[in-house]
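Peer 1: I have a structure here, written as structure tokens, and I will follow up with some questions on it.
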Amino acid sequence: MQTVLDQVKPVILAAAIALGLSVHCTQAGAAEQQTALFAGGCFWCVEADFEGVDGVTEVVSGFAGGMVEDPTYKQVVNGGTGHYEAVEITYDPSRVTYAELVDLFLRSVDPTDAGGQFCDRGESYRTAIFAAPDQAGVANAAIAAAQAELGQQIVTPVLPASAFYPADDYHQDYYKKQDLILTRFGPRSKEKAYKLYRAACGRDERVRELWGNAAPFVGG
């Protein structure tokens, strides 16, 4: 006579197979995610730009390229650590390629400026592409193409991939947070303060001046 265990074995086996397939698919999906590391001046702005790109799954603000392990924001902006404000972009390469991300990045900054970006001056606000060995050729080719398109020398370097240190939570998703802070304009939400800062800094105006209709994030 068939026991209860014999009866439920096929059900257990089917459930185990389904679970195994689910885990396998999840792991495969996670393995497909790749990262790009860009420094484009104020990391709030770069994060805000790239979080809206189709195929980008996460953008984290932080620091790269320096000599101090796990620096604080204050250490970096005070200078001397060698770090750039940077963002780590996680993306699905089946939906957006690394080359496309580099093209977007170059046209979202002023890559002719070696001393900072827009109103933000100093070493931490310089532009750079931190590339893994298999990314460097793509990044250099994109720079050459962008330079020909722009008709000006691009000074944004392609640097070896660097350790990336996320900034503290205060700076993550700054551009859309609603908590109030005290600014020179008075109390404002971070979202409003970000918009005022970006406009006052002249970022979009300068990018539009350089790239015209090729600028991906600034509108007409």
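Peer 1: Just to be sure before I move on: is Val207 in a loop (DSSP other than H, G, I, E, B), touching a residue at least 40 places away in the same chain (Cβ under 8 Å) and closer than 18 Å to Arg107 by Cα in the structure I sent?
Peer 2: No.
Peer 1: Inspect segment 125-145 for any residue being acidic (Asp, Glu) and either part of a loop (DSSP other than H, G, I, E, B) or surrounded by 14 or more Cβ atoms within 10 Å (Cβ to Cβ) (or both) and give the result as yes or no.
Peer 2: Taking every residue of segment 125-145 in turn, none turns out to be acidic (Asp, Glu) and either part of a loop (DSSP other than H, G, I, E, B) or surrounded by 14 or more Cβ atoms within 10 Å (Cβ to Cβ) (or both).
Peer 1: Would you be able to say whether some residue in segment 184-194 is touching a residue at least 24 places away in the same chain (Cβ under 8 Å), touching a strand residue (DSSP E or B) at 6+ places or on another chain (Cβ under 6 Å) and not in a helix (DSSP H, G or I)?
Peer 2: Among the residues of segment 184-194, not one is touching a residue at least 24 places away in the same chain (Cβ under 8 Å), touching a strand residue (DSSP E or B) at 6+ places or on another chain (Cβ under 6 Å) and not in a helix (DSSP H, G or I), which makes the answer no.
Peer 1: Quick check on segment 68-80. Is at least one of its residues open to solvent by 40 Å² or more (accessible area, probe 1.4 Å), part of a helix (DSSP H, G or I), farther than 15 Å from Glu123 by Cα and without any contact (Cβ under 8 Å) to a residue 40 or more places away in the chain?
Peer 2: Checked segment 68-80: no residue is open to solvent by 40 Å² or more (accessible area, probe 1.4 Å), part of a helix (DSSP H, G or I), farther than 15 Å from Glu123 by Cα and without any contact (Cβ under 8 Å) to a residue 40 or more places away in the chain.
Peer 1: Of Gly80, Gly52, which residue is over 9 Å from the mean Cα position of the chain (by Cα) and farther than 20 Å from Pro93 by Cα?
Peer 2: Criteria check complete, one pass: Gly80.
Peer 1: Could you check segment 162-191 and list, in sequence order, the residues that are at pLDDT 95 or above, of a type outside the set (Phe, Trp, Tyr) and within 30 Å of Gln135 (Cα to Cα)?
Peer 2: Hits for segment 162-191 are Ala163, Pro166, Ala167, Asp168, Asp169, His171, Gln172, Asp173.
The values are calculated or read from the model by the stated rules, or taken from the named source; none is laboratory data. Keep in mind the model is a prediction, meaning the values are calculated, not measured. Quick reminder, even Gly has a Cβ in these numbers, built from the backbone with ideal geometry, and neighbours come from all protein chains shown. Side chains are part of the model used for accessible areas, which takes the heavy atoms of the whole protein and leaves out ligands, DNA and RNA. Shrake-Rupley method; radii C 1.70, N 1.55, O 1.52, S 1.80 Å.
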